[in-house]
1. What is the gain in length, in nm to one decimal, between residue 322 and residue 21 on full extension, counting 0.36 nm per residue of separation less the C-alpha to C-alpha distance?
2. Take 59, 102 and sort them by solvent-accessible surface of the protein heavy atoms, 1.4 Å probe, largest at the top.
3. Tally Lys/Arg at +1 and Asp/Glu at -1 over every other residue whose Cβ is under 12 Å from the Cβ of residue 67; what's the total?
4. What does the extension gain come out to for residue 332 and residue 68, with contour length at 0.36 nm per residue minus their alpha carbon separation?
5. At a Förster radius of 35 Å, what calculated FRET efficiency corresponds to the Cβ-Cβ distance of residue 279 and residue 346, to the nearest 0.05?
6. Quick one: which residues, 5 or more positions from residue 293 or on another chain, have an amide H under 5 Å from its amide H? H modelled 1.01 Å from N in the peptide plane, none for Pro or chain starts.
7. Once you place label points 7 Å from the Cα toward the Cβ at residue 126 and residue 167, how far apart are they in nm?
8. Once you've got the Cα coordinates, tell me which of 264/288; 33/202; 256/288; 202/256 are over 21 Å apart.
Amino acid sequence: MFKSLRVPEKLFGFVMWCLSFAFAGFLIGLGGKLVADLPRLESQLEVEQFADAPTLAAIRQSQRQLAVQQRELDDRRAQAEQALTAAGNAYQSSRAAYQNWISTRTATTDPQQDPEVIKRTRDLDVLKTRERSAEQLRESIDQSLLDLSQQSAREQRREAELLDAARDAYDSALFSQELRVFGLRLALTLPLLVIAGWLVAKKRRSDYWPLMRGFVLFALFAFFVELVPYLPSYGGYVRYAVGVLLTVVAGHYVIKAMRRYLAKRQQAAAQTETERRQSLGYEDALKKMSANVCPGCERAILNATPAGDSQPSNFCVHCGMKLFDCCGNCSTRKNAFFHFCPACGSGADSPEPAVAAGESLKRG
């Protein structure tokens, strides 16, 4: 594809864009720091701030006390569980020993009346009583833990109800705070956007446009990244309303631009080929030709070959503008907008071969 700009112009253009992005980057970093610090102007809101403070403090103090008691009971239950395990093991061991002893003992009297048997039976009863006492202690602790758990659940429900009652006031205060912060953001970003629009409209031909372009990029970033995502949403109405407004404004300008373009095309179509050619800029014409677009009507160039001709057409099939011609010196087919022939370097003012031949015949 033919590149119409000179190499230094391309280099300078690339450097100017880099300068614009670098300037915009530094401005974005500075603006981001400033915008990020805006919420610090407001205190952090918590729902607890809008609840009955004495009642909430009493509930949380009660919860802390219940938590301490529960930890103590957990420790006591662990000890009781260990004692119950030890008592159960002692009873089972003694009972097994007793069963072994009674099954191997030979007595001449009634075993039920044997004093040794009675003594060992009483010892087993004592061990069983100890096991039952340990089990009762654990059950008592479990009951206390259950009571504490239920009491703690009641206190948590009281706290939740108290905070739910404060939720409406908290949401209202939070929304007001978001509006204030958004107002500060808007007060910073909207003037930047207005200045950027003025620069685009009035200063695009300025020598310092690359720096101004960087400021425009910064303003667009500040508005659409630093501001729009933080729009306060009140049931979605604010966000959707802003979206509708931006869409209507953008649509208005796009429609007007389209109408201006169509009117310009109609006006150009009414002009002669010479008038249209004179109104074209050299760089703009070469750029459109390199994109295979007619500079006159901006339609695609159809390189159709006329019937019986060995070369493609030199004219646009849509508007009739001459797009290609032949060099008057070497007869090379070339872009009609070139100032010099790419084959021999002759000027574009040299007459074409057919015209030159006709003039020589007249002179002859």
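The values are calculated or read from the model by the stated rules, or taken from the named source; none is laboratory data. These numbers were taken from a predicted model, which means no experiment stands behind them. Positions of Cβ are generated from backbone atoms using ideal geometry, with glycine treated the same way; all protein chains shown enter the neighbour counts. Heavy atoms of the whole protein, side chains included, go into the accessibility calculation; ligands, DNA and RNA do not. Shrake-Rupley method; radii C 1.70, N 1.55, O 1.52, S 1.80 Å.
1. Details: separation 301, 0.36 × 301 = 108.36 nm, distance 4.06 nm.
Contour length minus Cα-Cα distance gives 104.3 nm.
2. Details: 59 5, 102 55 Å².
Accessible-area ranking of 59, 102, largest first: 102, 59.
3. Details: positive: 60, 64, 71; negative: 72, 74, 155.
Neighbourhood net charge equals 0.
4. Working: separation 264, 0.36 × 264 = 95.04 nm, distance 10.04 nm.
85.0 nm is the gain from fully extending residue 332 to residue 68.
5. Working: r = 26 Å, r/R0 = 0.73.
With a Förster radius of 35 Å, E is 0.85.
6. Here 301 satisfy the definition.
7. Between residue 126 and residue 167, the simple spin-label model gives 6.3 nm.
8. Details: 264/288 17 Å; 33/202 30 Å; 256/288 24 Å; 202/256 19 Å.
Pairs exceeding the cut-off: 33/202; 256/288.
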